[in-house]
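What follows is one structure encoded as structure tokens, with my remarks underneath.
The values are calculated or read from the model by the stated rules, or taken from the named source; none is laboratory data. Predicted, not measured: the structure shown is a model, and the values here were computed from it. Cβ atoms come from the backbone with ideal geometry, glycine included; neighbour counts cover every protein chain shown.
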Amino acid sequence: MNPSSLFKAAVAGTGSYLPDKVLTNKDLENTLDTSDEWITTRTGIKERRIAADNESASTMAFEAGKKALSSARLEPEQVDMVIVCTSTPDVLFPSTACFVQKELGAVNSAAYDISAVCSGFVFGLSIAEQYLKTGRYDHILVIGSEANSRIVDWSDRSTCILFGDGAGAVLLKKTDQEEPVGILSSHIYSDGALTDLIVVPGGIGTTGVNKQDIDDNKYFIKMSGNATFKVAVKRMANVIQEALDFNEIKMEEVSLLLPHQANQRIVSAVAEKLNFPEEKIYMTIQKYGNTSAASIPIGIADAMEEGKIKPGDVSVLGVVGAGLTWGSAVIKW
Ligand code: UT7
């Protein structure tokens, strides 16, 4: 059972931002040796959003963050911390979060990025949970934002069809309310032995940024799809089960599973392993593809807007991403 803490970390606001430009599977048929049928049956994706030339991880994060603040009816000056979870930062440094902080006017916050790729949002949520439960801070904005279209090789059909751009944000607040509410638990893990599964090999390394790496396409996503798929199903199922056991919650008590959106078949396999009904799983992959760290907070914001999350409901979040990283969180709304 969750050890008691001084305070609770409750969700006070949510928001998402998706770029206007839609890239459909049919569009991809014009440039790649692929088909709508292959992409739909292998992944569940029908279309994804692509950031405009003047959009980036920070601009999308700002839009999502602004909506989360507005839905929480909170002034930017009241935010104590801005955590942006991204693998597609605007620049190497300063952090994307600092650009977002400036645009929001969150002048009293500490702002920084989390790099845990697709698992970033759950990692960020877990950090925020600790600061709020100890009473150190009152309000923390956690944002997942990705401009994945800028790091996919558009000639590699095995990866480029999967990813999309977007941002999602959650505003968490400290509360001393007695009944269980907010983040009931979070579990986060990494296994650096699996760094090769999904990687963007370009970076600073020992040589610095160099033209050869650019010519060798090292600044694009490389993925061992099959191997990642198998690991993802196992780790996500296990970490969700761990979350339920930790909180002594039965599967029937969960109103909504909000999984990372990497592949419809991964989610279905996890659901089957856990004996969890598909109708209680919230999916956005068909319209947004894999938006990496943004996928879970976008799901939360969309589910909230559609009235699929009600006060008192319990949701479970589950994710696996590059690193390898994985994690889960249980939220009581
Ligand atoms: O968020 C980060 C975590 N990421 C993931 O969890 C992704 C996990 N992996 C996957 O989702 C799947 O492995 C993929 C969707 C990437 C691939 O699906 P798959 O069922 O594992 O396909 P495969 O890689 O085994 O490829 C099967 C065939 C191959 O052709 P041959 O060798 O059988 O002739 C591929 O070349 O499908 C071919 N293929 C395609 N065909 C049409 C690969 N991509 C495409 C494509 N269109 N876009």
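A compact table of results
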quantity: So G318, is it in a strand (DSSP E or B) and modelled with pLDDT of 95 or more; calculated: yes
quantity: In the stretch 242-272, the residues that are among the basic types (K, R), over 24 Å from F229 (Cα atoms) and in a helix (DSSP H, G or I); calculated: none
quantity: Total residues in the stretch 176-198, condition among the β-branched types (V, I, T) and either outside any strand (DSSP E or B) or surrounded by fewer than 17 Cβ atoms within 10 Å (Cβ to Cβ) (or both); calculated: 2
quantity: Of residues in the stretch 184-227 being free of Cβ contacts under 8 Å to residues at least 40 places away in the same chain and within 20 Å of N263 (Cβ to Cβ), the one farthest from the ligand (Cβ to nearest atom); calculated: D196
quantity: Candidates T59, T14, T41 - the one that is assigned to a helix (DSSP H, G or I) and surrounded by 19 or more Cβ atoms within 10 Å (Cβ to Cβ); calculated: T59
quantity: Boolean, V320 is crowded, with 18+ Cβ neighbours inside 10 Å and within 11 Å of the ligand (Cβ to nearest atom); calculated: yes
quantity: Selection within the stretch 228-251 - polar (S, T, N, Q) and within 16 Å of the ligand (Cβ to nearest atom); calculated: T228, N238
quantity: Close pairs (6 angstrom Cβ cut-off, 6 or more residues apart or separate chains): at pLDDT 95 or above and within 11 Å of the ligand (Cβ to nearest atom) in the stretch 37-50, of a type outside the set (V, I, T) and outside any strand (DSSP E or B) anywhere; calculated: I39/N25; T43/N263; G44/Q264; G44/Q286; I45/G289
quantity: Identity of the residue in the stretch 135-169, among the polar types (S, T, N, Q) and part of a helix (DSSP H, G or I), that ends up surrounded by the most Cβ atoms within 10 Å (Cβ to Cβ); calculated: N148
quantity: Selected residue (only one of G327, G299 is part of a helix (DSSP H, G or I), within 14 Å of the chain's Cα centre (by Cα) and in contact (Cβ under 8 Å) with a residue 12 or more places away in the chain); calculated: G299
quantity: Qualifying residue in the stretch 71-91 (condition: outside the structural domain of N290 (by the TED database), within 16 Å of the ligand (Cβ to nearest atom), in a helix (DSSP H, G or I) and not hydrophobic (A, V, I, L, M, F, W, C)); calculated: no
quantity: Residue match in the stretch 269-280 (condition: on the phi > 0 side of the Ramachandran plot and either crowded, with 24+ Cβ neighbours inside 10 Å or in contact with a Lys or Arg (Cβ under 9 Å, 6 or more places away or on another chain) (or both)); calculated: no
quantity: The lone exception for L23 - which of (1) assigned to a helix (DSSP H, G or I); (2) touching a strand residue (DSSP E or B) at 6+ places or on another chain (Cβ under 6 Å); (3) within 16 Å of the ligand (Cβ to nearest atom) it fails; calculated: (1)
quantity: Unmet criterion (only one of (1) in a helix (DSSP H, G or I); (2) surrounded by fewer than 24 Cβ atoms within 10 Å (Cβ to Cβ); (3) within 20 Å of the chain's Cα centre (by Cα)) for K102; calculated: (3)
